[in-house]
Amino acid sequence: MPIYENFTTDEVMGNGYLEEMLLILQDGLDNCESVLSSGKLDQLIQTRAKFDLVLVEIFNTGCFVSIANHFGAPVVGITSTSLYPWFSGMVGDVVMPSYVPVNLLPFTSRMMFAERLINSVILIAMKTYYQFKYEPAAQEIVNKYLGKLNGGTVSESLNNVNAIIMNTHFMFGDSRPLPPGIIEVGGCTYKKPMPLPPELERYVAEAQRGVIYFSMGSIVKGSSIPTTQFLAMLRVFGRLDGYRVLWKWEDNPPPPEIRPENVMFVPWMPQFDILNHPNVKLFISHGGLMGILDALYSGVPIVGIPMFADQFSNMNFIVQNDCGLQMQLDQIDDEIANYTISSILLDDKYTKNAKRLSALYRDRDRNPLEKAVYWVEYVARHRVNLMLKPSTQDWWYERCLLDVVFAVFFTVALTAYLVKWVLFKSRIATTTDQ
């Protein structure tokens with residue numbers, strides 16, 4: 001049974017924010033079912049193996065955390081994503097809806113009242129669903145295949161994660177408070193860019209004005225783009241004199257009669273190496289975090305076609321920093337595609353800003369992989385848990401200081417009432433004396 005299948009554009013577009021969350025979390029439950037039904041983890045548990053530390057993927061597979069806790073070793077979570085609302089219980093509740101937007105929403109830290117209201121409602125709904133629906137469902141899967149484990153329930157295990165290694169960097173996105181237990185190591189997978197395969201190198205190097213790299217990532221099939229939008233993009237590409245296009249395409253290439261000569265369809269390409277080629281001028285992407293960070297490192301501007309999850313907020317950051325533009329897939333036609341792509345190719349401000357952010361992203365005090373290794377070893381050496389977390393036992397109204405605000409308001413109101421009452425009584429007494 002395959003653990004993961006690519007989505008089509010029809011499956012991911014047009015969903016509401018809560019529907020997207022359900023899609024993501026249900027996919028995680030399906031992954032749990034696939035892995036546990038294989039029997040491999042059951043065999044490992046039966047060996048009574050001992051570990052100094054357990055690394056576990058935590059994006060949407062909470063079932064794995066309870067299995068990791070079974071071994072009695074510290075647990076460090078790993079995720080290639082940014083901070084999703086349901087992570088908060090693992091290393092402290094760090095999402096304040098007043099200025100930290102849920103990453104499934106197309107908001108920035110400067111939200112109007114209506115946006116803050118939507119942000120708060122979505123945040124509460126997601127955390128409530130995760131706690132009362134997802135965690136019990138994950139627990140059922142664990143019980144079904146492994147029975148009762150020593151490390152506690154899924155819910156208890158998620159609250160005992162020692163730290164989380166995240167594929168993020170502070171300069172990307174809005175500012176937010178992060179406890180020491182969240183270790184940002186964005187770019188830790190990067191190595192020195194490698195030369196392209198000979199055929200690709202010739203194709204890229206011989207482009208007179210440069211190359212456009214088009215990829216919808218590893219989740220959404222680029223070949224599932226609707227026909228109307230697909231043909232519009234082809235027509236625009238065919239009119240780009242001197243430019244060539246590399247298009248990641250999973251299925252058979254389109255027929256020659258509709259395929260421009262300057263467009264090459266390839267099922268897989270070394271994205272990081274391509275983006276770091278000096279003749280690549282533009283990256284057309286769905287706005288996924290991995291692709292965005294690749295482009296930031298490479299200093300290549302982006303045209304985003306966001307479809308779901310954090311892609312909208314990722315592209316908002318790119319647009320706000322003048323590193324690219326975005327299009328809505330269902331609205332793409334010849335005019336919109338030509339204007340958006342030409343704007344970036346003809347205006348060097350986008351490339352300059354992309355290079356500026358690239359310099360900020362690359363400038364590190366140490367290699368991010370070394371940082372990840374250090375903190376993993378730190379947790380293993382000291383078996384640190386709560387010390388890495390802020391207080392997670394406070395009630396939500398205490399974290400928001402609502403009890404303090406209420407106490408101050410009540411004190412001021414009571415004082416004003418007493419002063420008014422004393423003055424009123426004093427006036428009555430004075431009138432009586434007269």
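The values are calculated or read from the model by the stated rules, or taken from the named source; none is laboratory data. Computed from a predicted structure; not experimentally measured. Cβ sites come from the backbone with ideal geometry, for glycine too, and all protein chains shown count toward neighbours.
Is at least one residue of segment 265-275 assigned by TED's automatic domain parsing to the domain that holds Val236 and closer than 18 Å to Arg209 by Cβ?
yes
Quick one: which residue in Arg383, Arg356, Arg364 is under 25 Å from Pro306 (Cα atoms), basic (Lys, Arg) and surrounded by fewer than 17 Cβ atoms within 10 Å (Cβ to Cβ)?
Arg356 is the lone residue from the list that is under 25 Å from Pro306 (Cα atoms), basic (Lys, Arg) and surrounded by fewer than 17 Cβ atoms within 10 Å (Cβ to Cβ).
Kindly establish whether Asp347 is more than 30 Å from Ala163 (Cα to Cα), loosely packed, with under 15 Cβ neighbours inside 10 Å and either in contact (Cβ under 8 Å) with a residue 40 or more places away in the chain or aliphatic (A, V, I, L, M) (or both).
Against the criterion (more than 30 Å from Ala163 (Cα to Cα), loosely packed, with under 15 Cβ neighbours inside 10 Å and either in contact (Cβ under 8 Å) with a residue 40 or more places away in the chain or aliphatic (A, V, I, L, M) (or both)), Asp347 does not qualify.
Kindly provide the set of residues from segment 103-131 that are modelled with pLDDT under 85 and aromatic (Phe, Trp, Tyr), ordered by number.
Phe107
Scan segment 262-299 for residues that are aliphatic (A, V, I, L, M), under 20 Å from the mean Cα position of the chain (by Cα) and closer than 22 Å to Leu329 by Cα and report the count.
Going through segment 262-299 one residue at a time, the tally reaches 6.
Could you tell me which numbered condition Gly77 fails, if it satisfies all but one of (1) among the small types (Gly, Ala, Ser); (2) in contact with a strand residue (DSSP E or B) (Cβ under 6 Å, 6 or more places away or on another chain); (3) surrounded by fewer than 18 Cβ atoms within 10 Å (Cβ to Cβ)?
Of (1) among the small types (Gly, Ala, Ser); (2) in contact with a strand residue (DSSP E or B) (Cβ under 6 Å, 6 or more places away or on another chain); (3) surrounded by fewer than 18 Cβ atoms within 10 Å (Cβ to Cβ), only one is false for Gly77: (3).
What strands (runs of 3 or more DSSP E), lying completely within segment 278-364, carry at least 1 residues that are modelled with pLDDT of 90 or more and either among the charged types (D, E, K, R) or more than 26 Å from Glu201 (Cα to Cα) (or both)?
Where strands (runs of 3 or more DSSP E) fall fully within segment 278-364 and carry at least 1 residues being modelled with pLDDT of 90 or more and either among the charged types (D, E, K, R) or more than 26 Å from Glu201 (Cα to Cα) (or both), they are 280-285, 324-326.
State all residues of segment 208-224 that are within 21 Å of the chain's Cα centre (by Cα), within 20 Å of Asn262 (Cβ to Cβ) and either among the acidic types (Asp, Glu) or assigned to a strand (DSSP E or B) (or both); if no residue qualifies, say none.
Phe214, Ser215 - these are the residues of segment 208-224 that are within 21 Å of the chain's Cα centre (by Cα), within 20 Å of Asn262 (Cβ to Cβ) and either among the acidic types (Asp, Glu) or assigned to a strand (DSSP E or B) (or both).
All but one of (1) part of a helix (DSSP H, G or I); (2) closer than 17 Å to Val211 by Cα; (3) not basic (Lys, Arg) hold for Pro260, so report the exception by its number.
(1)
Please work out which residue is surrounded by the fewest Cβ atoms within 10 Å (Cβ to Cβ), limiting yourself to segment 19-60 and to residues that are aliphatic (A, V, I, L, M) and outside any helix (DSSP H, G or I).
Ala49
Give segment 223-242 a look and list any residue that's among the small types (Gly, Ala, Ser) and more than 15 Å from Gln331 (Cβ to Cβ), or say none.
Within segment 223-242, Ser223, Ser224, Gly238, Gly242 meet the criteria.
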